[in-house]
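Notes for the one structure printed next.
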């Protein structure tokens, strides 16, 4: 399973710049304290409840400018089987979270992993319709009582084969991203929120690495006590949580992209 489904886009759509265990979660709770928690149906991933009413997610997506008020949230990674039944749900506000591949591979009969984030009203919408940030897009949702036979229900089983927009961490240097034949170097330069463009892909992984070698330090090595003070703990270490990858406005993706590192947008430039 490659990445199975796209994930996470921008969790709050606010420049939170939060990092470290517990800080991200507490920040999200603060900004979501007056929002409605929406619950997915465990029997059908295309359905959820909002304020006690059942809603059905449609395949139809809407542009950013159609987003109305932020009214609710789901914020779950849903592991589903081929019939759309949810096998496991994991909160995306916890740190560190599992990579998608690990999460799916650990569950028998898992077919896809799908992200569900925030819930919005439709700007200038005529009725009860909502917009749900799911699987990397803003999908329309309507009350289940209004669903008609001709409505195009959310395609949870869409093809997820790798493409030119797939990104992954370079196993030889975890400060780099790979996409096709391109290598992108993640820099310390921040990309302003207003320059963030189209959503491209999700990394969804958390790791600690050696600042000198840029090699990931295994969990086993992290747990080894350093009795002498001259062993593993003397490494200069850094912990990264990598989330989504985006285009940068007025910049070709072949030149650079933006990647969320510890909830900050960092510039990742293509190497020659």
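Could you check, for segment 52-63, whether at least one of its residues is outside any strand (DSSP E or B), within 21 Å of the chain's Cα centre (by Cα) and closer than 17 Å to residue 136 by Cα?
Within segment 52-63, one or more residues are outside any strand (DSSP E or B), within 21 Å of the chain's Cα centre (by Cα) and closer than 17 Å to residue 136 by Cα.
Per-residue answers, yes or no, for (1) part of a strand (DSSP E or B); (2) on the phi > 0 side of the Ramachandran plot; (3) not assigned by TED's automatic domain parsing to the domain that holds residue 33:
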{"position": "116", "(1), (2), (3)": "yes, no, no"}
{"position": "121", "(1), (2), (3)": "yes, no, no"}
{"position": "124", "(1), (2), (3)": "no, yes, no"}
{"position": "127", "(1), (2), (3)": "no, no, no"}
{"position": "131", "(1), (2), (3)": "yes, no, no"}
{"position": "138", "(1), (2), (3)": "yes, no, no"}
{"position": "141", "(1), (2), (3)": "yes, no, no"}
{"position": "151", "(1), (2), (3)": "no, no, yes"}
{"position": "156", "(1), (2), (3)": "no, no, yes"}
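When only residues in segment 165-208 that are over 24 Å from residue 135 (Cα atoms), at pLDDT below 90 and in contact with a strand residue (DSSP E or B) (Cβ under 9 Å, 6 or more places away or on another chain) count, which is surrounded by the most Cβ atoms within 10 Å (Cβ to Cβ)?
Among residues in segment 165-208 that are over 24 Å from residue 135 (Cα atoms), at pLDDT below 90 and in contact with a strand residue (DSSP E or B) (Cβ under 9 Å, 6 or more places away or on another chain), the one surrounded by the most Cβ atoms within 10 Å (Cβ to Cβ) is 208.
Out of the residues in segment 109-128 meeting the condition of being loosely packed, with under 15 Cβ neighbours inside 10 Å and touching a strand residue (DSSP E or B) at 6+ places or on another chain (Cβ under 8 Å), tell me which one is nearest to residue 85 (Cα to Cα).
109
The values are calculated or read from the model by the stated rules, or taken from the named source; none is laboratory data. The structure displayed is predicted, hence computed values, not measured ones. So basically every Cβ, Gly included, is an ideal-geometry build from the backbone, and we count neighbours across all protein chains shown.
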